[in-house]
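Engineer: Would you mind keeping the following structure in view while I ask a few things?
The values are calculated or read from the model by the stated rules, or taken from the named source; none is laboratory data. As the structure is a prediction and not an experimental result, all values here were calculated from the model. All Cβ positions, even for glycine, are placed from backbone atoms using ideal geometry, and neighbour counts span all protein chains on display.
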Amino acid sequence: MLSLLISLGIGGAISWACFSAGIKSGSIAYGILGFVASQLLIGLLVRRSIKKVNAELQALLEAGQKRITHKINQFQMKPGGNPSLIQKQLERDQHELFKSALAFTERLEPFRKWNPLMPKQLATLRFQFLYQLNEFEQVDAILAKGAFTGPFLSDPMLVAMKMARQYQRKDVAGAEKTFKRHARWYRDDRGALLYGVMSWIFVKQERIEEARKLLAKAKEKMYNEVIAHNWEMLSNNRAKAFSNAGFGDPWYSLYLEKPLAPKRQQVRMQGRGRRPF
């Protein structure tokens, strides 16, 4: 770490200067003080620089999402377009947005030498963007490096993505292990998606009773409409009615299921000689 080396150099230089000046009794103390002060100053400057770059990345994502939302609103207000073509256009826009965000992460690379947490932050960002770009080989490569093997992740979406990849690689036991390791840390309904993913996997494996018991456990911890609905469906032997669609974009962004294509609205016009369309 450059900051540590620089601080050690500053501390050593101060101690040597004090010793050369005849201040023998306090030379070590002054050196330590110089080391600590330089570490704090360098850390402050680095954090400010990282914060600025992160803010620019967030602005890029928000601006892109705003453009996509605007197009969705236009489609809803002006029916008559082809839903499939519009869906593909939105997917292309999202792809370009995540591709731009992935490229933007290169601006954080220089901070690897200054911040010991930067490698993990970069891995986290790139993991999310690569996942949304369907670059699953690179996603799996990040997972293989052990970037997300700790006992706790602050973002349940990262855990859900890892579980989804494990399921897609036919590692159901690994998905269960990941779920058990992380789900217990989330309070209220922050972990609802994880219960949704794990119960969905159980249903796909025809382990209906395990799915029902898992959802019952989730109901004791939180209130979530999707969890409650799916528990009720499984409790009434209606496994085919199980659906995580209520989670919305977080669920569909896992690519375990495809969202239903938006339906074209039909507008009926009154008047002689006019036909509804």
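Engineer: Please determine, by comparing only the residues of segment 45-58 that are exposed (fewer than 13 other Cβ atoms within 10 Å of the Cβ) and farther than 17 Å from E106 by Cβ, which one is farthest from the chain's Cα centre (by Cα).
Structural biologist: The selected residue is L45.
Engineer: Right, something else. Taking helices (runs of 4 or more DSSP H) that do not extend beyond segment 202-252, which have at least 2 residues that are in the same structural domain as M163 (by TED's automatic domain parsing) and over 27 Å from the mean Cα position of the chain (by Cα)?
Structural biologist: In segment 202-252, 208-221, 225-235 are the helices (runs of 4 or more DSSP H) which contain 2 or more residues that are in the same structural domain as M163 (by TED's automatic domain parsing) and over 27 Å from the mean Cα position of the chain (by Cα).
Engineer: So if I check each of Q94, Q121, Q138, Q132, which one is in the same structural domain as A59 (by TED's automatic domain parsing) and over 25 Å from K217 (Cα atoms)?
Structural biologist: Answer to the selection: Q94.
Engineer: Given R92, R112, which one is assigned to a helix (DSSP H, G or I), on the phi < 0 side of the Ramachandran plot and either hydrophobic (A, V, I, L, M, F, W, C) or surrounded by 13 or more Cβ atoms within 10 Å (Cβ to Cβ) (or both)?
Structural biologist: On inspection, the qualifying residue turns out to be R112.
Engineer: Let me ask something additional. Pick out the one residue from K71, K99 that is assigned to a helix (DSSP H, G or I), basic (K, R), modelled with pLDDT under 90 and within 30 Å of Y131 (Cα to Cα).
Structural biologist: Unique residue meeting the criteria: K71.
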